[in-house]
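Trainee: Can you keep this structure in mind? I'll have questions shortly.
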Amino acid sequence: AAKHGRAYVEREAWLNLAFFVGQQYSEWNAKVGGIQEIPRRKGDENAPRPVINKVMHFTRQVHHDAIQDEPSPDVLPATDDYQDITDAVVAKAWCEQQAGETLTDYLAQVSRAALWSVIAGSGYKKWAINPATKQLTITPPSFFEIYLDPAAKHFSQCRHIIHAQFMDVEQVYETYGVEVGNEEIESVDNGRSALLMGMGAAPMQRGVTVNELWMKPCRRHP
């Protein structure tokens, strides 16, 4: 249902991505609900195709403007008391250290999420905490990996979100401790993989789709 609800933006998002990475000879195939290369005319199969990528320059400029005001953590003291001011300074230093390149590399993740938002209309930052190490991780997933609650009229009203990742079998085991059977292994769509490669998000050729459900507490699952 979430995939069906997002169908109206799929066309623009895939075409924008294709133009951004320089594959301007692409078109949307409504029958299969996917993108494909525009076929060459008979006799011109080996003729060169000029590429004029004005979209990349436009996207880079908008992306540059979007991250000019880089978000940074701040902590205000609870009172004017010297101890509260000292605690606030220490807490701010801790927040900046947590957001640094050696841990979450927060600003780089914000930049990547902003790029997805320019290309596809929405960008996401996924925050998760490792229950064993208590370490925070922040990742900007591909726009095409996120499926929202189809009943929600706004992101803030989503009851649940699905993060669908195409993962290597060994990666699935290392992350979730689950063995994947041979009958569950699938091949990736080569056309879409070629486009995602331009964003550094290309999946492996063979793997398994892992649907990770994130949901707010509800009466059935308090």
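Trainee: Tally Lys and Arg at +1 and Asp and Glu at -1 over the other residues with C-beta under 14 Å from the C-beta of ALA93: what net charge comes out?
Mentor: Here the count lands on -2.
Trainee: Please list TRP127, TRP28, TRP94, TRP116 in order of solvent-accessible area, largest first, computed with a 1.4 Å probe with all protein chains present.
Mentor: TRP94, TRP127, TRP28, TRP116
Trainee: Give me the dipole magnitude in Debye, nearest 20, for the chain about the Cα centre, with unit charges on the beta carbon: positive for Lys and Arg, negative for Asp and Glu.
Mentor: 1140
Trainee: Which is the longest run of the chain containing none of the GluC sites (Glu not before Pro) found in DSSP loop states (not H, G, I, E, B) with at most 12 other C-beta atoms within 10 Å?
Mentor: With a cap of 12 other Cβ atoms within 10 Å, the longest stretch comes to 102-178.
Trainee: Return the long-range amide H neighbours of LYS126 (sequence gap of 5 or more, or a different chain), with a cut-off of under 5 Å between placed amide H atoms.
Mentor: Answer set, sorted by chain and number: THR139.
Trainee: Right, next: Could you give the Stokes-Einstein D for segment 1-130 in µm² per second, using the C-alpha Kirkwood radius, 10 °C, 1.306 mPa s?
Mentor: For the chosen part, D equals 85 µm²/s.
Trainee: Ok, one more. Using a 1.4 Å probe on the protein chains only, how many percent of the accessible area of segment 113-222 belongs to carbon and sulfur?
Mentor: Carbon and sulfur together cover 54 percent of it.
Trainee: Between ILE162 and ILE129, what length in nm is gained on full extension when 0.36 nm per residue of separation is reduced by their alpha carbon distance?
Mentor: Extra length from ILE162 to ILE129 when fully extended: 10.2 nm.
Trainee: So what is the relative contact order of segment 100-192, in percent, for Cα pairs below 8 Å that sit 6 or more residues apart?
Mentor: So the answer I get is 17 percent.
Trainee: I've got another one for you. Please list, ordered by chain and number, the residues whose modelled amide H lies under 5 Å from the amide H of PHE166; skip anything fewer than 5 residues away on the same chain.
Mentor: Excluding prolines and chain starts, which carry no amide H, the hits are VAL210.
Trainee: Residue by residue through segment 5-13, which ³J(HN,Hα) values in whole Hz follow from phi under the Karplus form 6.51 cos²θ - 1.76 cosθ + 1.60 (θ = phi - 60°), with glycine and proline marked x?
Mentor: x, 8, 4, 5, 9, 4, 4, 5, 5
Trainee: Starting from the amide H of ILE35, placed 1.01 Å from N in the peptide plane, find each other amide H under 5 Å away whose residue is 5 or more places distant or on another chain.
Mentor: Hits under the 5 Å cutoff: ASN29.
Trainee: With θ set to phi - 60°, apply the Karplus curve 6.51 cos²θ - 1.76 cosθ + 1.60 along segment 133-140 and write out the HN-Hα couplings as whole Hz, x wherever there is a Gly or Pro.
Mentor: 9, 6, 8, 7, 10, 10, 9, x
Trainee: Put a dot 7 Å past each Cα toward the Cβ at GLU183 and ASP84; how far apart are the dots in nm?
Mentor: It works out to 6.4 nm between the two label points.
Trainee: Restricting the calculation to Cα positions, tell me the Rg (one decimal) and the Dmax (whole number) of segment 62-139 in Å.
Mentor: 15.5, 48
Trainee: OK, next. For an R0 of 45 angstrom, estimate the FRET efficiency from the Cβ-Cβ distance between ALA1 and VAL51 and round to the nearest 0.05.
Mentor: Computed FRET efficiency for ALA1 and VAL51: 0.75.
Trainee: Tell me, rounded to the nearest percent, the portion of alpha carbon pairs in segment 162-214 spaced more than 19 Å apart.
Mentor: Of all Cα-Cα pairs in segment 162-214, 29 percent lie more than 19 Å apart.
Trainee: Which of HIS64, ALA1, ALA113 sits farthest toward the positive end of the charge dipole of segment 1-114, with +1 on the Cβ of Lys and Arg and -1 on the Cβ of Asp and Glu?
Mentor: Of the listed residues, the answer is ALA1.
Trainee: Please compute the per residue accessible area over segment 109-149 with all protein chains in place, 1.4 Å probe, rounded to a whole number of Å².
Mentor: 45
Trainee: Something else now. I'd like the trypsin sites (Lys or Arg not before Pro) in segment 154-209 restricted to DSSP loop residues with at most 13 other Cβ atoms within 10 Å, sorted by number.
Mentor: Those that pass, being in a loop and sparsely packed, are ARG159.
Trainee: Something else about it: Residue by residue through segment 164-178, which ³J(HN,Hα) values in whole Hz follow from phi under the Karplus form 6.51 cos²θ - 1.76 cosθ + 1.60 (θ = phi - 60°), with glycine and proline marked x?
Mentor: Result, rounded to whole Hz: 9, 10, 8, 10, 5, 4, 5, 5, 4, 5, 5, 7, 10, x, 10.
Trainee: Could you tell me which trypsin sites (Lys or Arg not before Pro) in segment 42-107 are loop residues by DSSP with no more than 11 other beta carbons within 10 angstrom of their beta carbon?
Mentor: LYS42
Trainee: Now for a different question. What is the P(r) of the chain, as percent of Cα-Cα pairs per 5 Å bin from 0?
Mentor: For the chain, the pair-distance distribution reads 1, 5, 10, 13, 15, 16, 14, 10, 6, 4, 3, 1, 1, 0, 0, 0, 0.
The values are calculated or read from the model by the stated rules, or taken from the named source; none is laboratory data. Small disclaimer: the values here were computed from a predicted structure and weren't measured. Cβ coordinates were reconstructed from backbone atoms using ideal geometry, including for glycine residues, and neighbour counts include every protein chain displayed. In case anyone asks, the SASA skips ligands and DNA or RNA and just uses the protein heavy atoms, side chains included. Shrake-Rupley method; radii C 1.70, N 1.55, O 1.52, S 1.80 Å.
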